[in-house]
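Everything below concerns the one structure shown next.
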Amino acid sequence: MVLEVTDTTLKWTYTSRHGGQYNRIPFVRAEGSVKASRQGSVCADLYPLRHPCAVAMSSRSDKRTYLDPIHQDIVLDRKKPAEKLIIDLIDTEEFQRLRRIHQLGVSYFTFQGAEGSRFTHSVGVMHVANSLVDHLTEQTDGMEELRPLILASALLHDIGHGPFSHVTEKILGYDHEDWSCKIIAGDTQVRRVLDNFKPIPNLAETIVKVLKKTYTPHYVSHMVSSQLDCDRFDYLLRDSYMTGTKYGLFALHRILRSLEIDQENDRIIVVGEKGQIAVEDYLFARYSMYAQVYYHRKNLAARALLASLIKRVKTILNDSTRPVCFVDEATMKWVSGDELKVSDYLQLDDIQLNYHIKRWAEDPDPVLSDLSKRFLHRRLFKAIRIPSRESGLVKDIEKEARRLLEEKSLDPEYYLGIESTGFRPYDYYRPDDDHPQTNIIVKTDGGITSELSKIAPAIEALVKGNYESTWLVFPDEIQDKLAVIRELIPAY
């Protein structure tokens, strides 16, 4: 390194071992004298030195950039009201909590890279929504005024997730979307940020309407939650990347460019053959991710182990004669199903639950201690598919598995499970369903407007497919005895 000093500037040039040179960069010298300079070092009297941009850099930058592995640079500009709102929401305690919740639950036991958080996913969904609004603004009047609402709804849609995301949601039977609405409308930093946003009065209540799908126009809610939404766009690409698989890849930007607002019918439509083909690929990507990642047998086994662990804690908490060795108030209410305040719920995250599991590993209750150690040290249960859902066969298999466990002195209530999985990667509108889906509507190059499965044979096959499966979950201790169970399974 060569340093050059004048009365007002310090210049340096670095020559690499390969002979390349970096450009000289001037620095402004603060008050003080330079006694000496020489190649490779400068006297301490040189300092302090300041770069000409130091004054600007010392104040808060107008822009913030998130370097994202899926979307590359996600840039937010404080000079734009909608993006300043997003920055302020990201900086709240409630949103920062999402850094401590795994996006893929306990899938890191199966896929070593599945360490992403709800934080990164939520920022990604917001970014996709921002890109979609950019596209739609060119063709739809009033879209720019909706940008703050759409971006904030996209960012906050998952703020109500609990420890290990959907895993404990299914185990304990709560709804993360309800908690999202409670956090947004409650006495929280998020609520105060939303209340301080003057361009849209009552923004918190309006976002709740978007998430509950009672807001009009309805296409605003559909951007955040539907069968063709910014949430799924992000999580398929992100989950595929984080698990090291290629199953979730599809042409995101081609889909975004193909979307239009049908204001007359209050819906989003896909326009053109290229868009239709990209959407079909997206639906098959979703099918593959469920089949190969989300419902991977090791994921099912890990979830079943955590479910047994929580079940045992719940049993002990209900028995006053043998209290659990450690549990804080928020966790006790959460596990027991007691009413939780928003402030209680916000204490829950993966770190907090993992700490409890570490403490429970030392509990005097042998079942709780063993299950906790299995979870901490990845001694997971096993899972095999039962190729028939015939109830009599399932009961026979379960009965035989119970017998094998009892021979090993393992309580079947905690060491045996029958898990069911089932999903449709796409479904047409079924008005009698509890949660009817929003159709994907395509406008063909010939001007025909139709629901997707009616004009795409491959998607029609997806709709009609049977994706339900039944699994037997058990510990490794009876692995060598499975021949008895396999004899009960036809054509195993």
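Every number here is computed from the coordinates shown, using simple stated rules; none is lab data. Note that this is a predicted model, so its numbers are computed, not measured. Neighbour counts are summed over all protein chains in view; Cβ atoms, including those assigned to glycine, are modelled from backbone coordinates with ideal geometry.
Here HIS356, HIS127, HIS218 are placed in order of increasing Cβ neighbour count within 10 Å, fewest first, which gives HIS218, HIS356, HIS127. Listed by chain and number, the lysines whose alpha-carbon sits under 20 Å from that of LYS454, ignoring those within fewer than 8 places in the same chain, are LYS274, LYS443, LYS464. Just round it to a whole percent: the fraction of Cα-Cα distances in the chain exceeding 44 Å. Here the long-distance tail beyond 44 Å is 30 percent of all Cα pairs in the chain. Principal-axis analysis of the Cα atoms of the chain puts helix 118-137 at an angle of about 70° to the longest axis. Of all aspartates and glutamates in the structure, those lying under 20 Å Cα to Cα from LYS399, and not within fewer than 8 positions of it along the same chain, are GLU390, GLU407, ASP411, GLU413, GLU419, ASP476, GLU477, ASP480, GLU487. Between the beta carbons of LYS481 and THR444, assuming R0 = 60 Å, the FRET efficiency works out to 0.55 to the nearest 0.05. A Förster radius of 41 Å combined with the Cβ-Cβ distance from GLU138 to CYS325 puts the calculated FRET efficiency at roughly 0.10.
If R0 is 60 Å, the Cβ-Cβ spacing of ASP62 and SER409 corresponds to a FRET efficiency of close to 0.35. In this structure, the pairs whose alpha-carbon distance is over 29 Å, taken from LYS246/LYS333; LYS212/LYS298; LYS246/LYS382; LYS170/LYS213; LYS84/LYS212, are LYS246/LYS333; LYS212/LYS298. Relative to the longest principal axis of the Cα atoms of the chain, the long axis of helix 297-317 makes an angle of roughly 80 degrees. Entry note, the chain: the mean residue ellipticity at 222 nm calculated from DSSP H runs of n ≥ 4, each adding -39500 (n - 2.57), is -13000 deg cm²/dmol after division by the residues and rounding to the nearest 500.
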